[in-house]
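Notes to accompany the following structure.
The values are calculated or read from the model by the stated rules, or taken from the named source; none is laboratory data. As the structure is a computational prediction, the values presented were derived from the model and not from experiment. Note that each Cβ is placed from the backbone with ideal geometry, even for glycine, and that neighbours are counted across all protein chains shown. Accessible surface is based on the protein model in full, side chains and every heavy atom, while ligands, DNA and RNA are left aside. Shrake-Rupley method; radii C 1.70, N 1.55, O 1.52, S 1.80 Å.
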Amino acid sequence: MTNFANAISVLSAMITPAVLISACGSLILATSDRLNRAVARTREISGQLAPMASVERTAEIEEERRMLFVQLDYVTTRSRLLQRALSRLYGALAFFVGTSVSIGLVAVFSSAFTPVPIALGLVGAALLLYVAFLLIKESRFALAAVNDEMDFYWKRGRSLGPEDLVSKGMKRLRWFGGVR
């Protein structure tokens, strides 16, 4: 009876990292999607910049080119952060799978190696923590990029929109810290 109880205990311990493996998988999917969107945005900005090279340079065109270059900088930084996060997520996934396997091996062969699954689990958790900080940093760049782009279009749109709507929108923007 104790052998069965020990087997159940070992299997339970091996399954525990599966929750973290699943979390890594979800983060990998979400981060891959964010990276794909950042790459698509890079291509979109490049597509907008290319025709501007052959256009007469006016103050308005230069302002738009400047905004697009700033956007390109944001999206490039975001892409690099997301690539770094993805590689760390794959590393964390590997460590959690290693944790699960090593728990089984320690149970079968020798309890002298008990620190191995603990160390693997801690490294995996540390990688997940690092990824969380990378994703926070990336989301701040994404927010800054959106805010800058919206401010640019609001600034440009002041002369195009109906005055009553523009003034309403400007009041709201000031309230939320937008265009000045």
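Here are the numbers:
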{"quantity": "Heavy-atom SASA rank of Leu20, Leu127 (probe 1.4 Å, accessible area, largest first)", "calculated": "Leu20, Leu127"}
{"quantity": "Value of [θ]222 nm, deg cm²/dmol, for the chain, DSSP H segments ≥ 4, -39500 (n - 2.57) each, nearest 500", "calculated": "-32500 deg cm²/dmol"}
{"quantity": "Heavy-atom accessible area per residue - the chain, 1.4 Å, Å²", "calculated": "64"}
{"quantity": "Cleavage-rule hits (GluC sites (Glu not before Pro)) in region 12-115: DSSP loop, at most 13 neighbouring Cβ within 10 angstrom", "calculated": "Glu56"}
{"quantity": "Length-normalised contact order of the chain in % [C-alpha pairs under 8 Å, at least 6 apart]", "calculated": "27"}
{"quantity": "Highest-MSF residue in the chain out of Tyr74, Tyr90, Tyr153 [GNM, Cα springs under 10 Å]", "calculated": "Tyr153"}
{"quantity": "Accessible-area composition of the chain, carbon plus sulfur, in percent [1.4 Å probe]", "calculated": "65"}
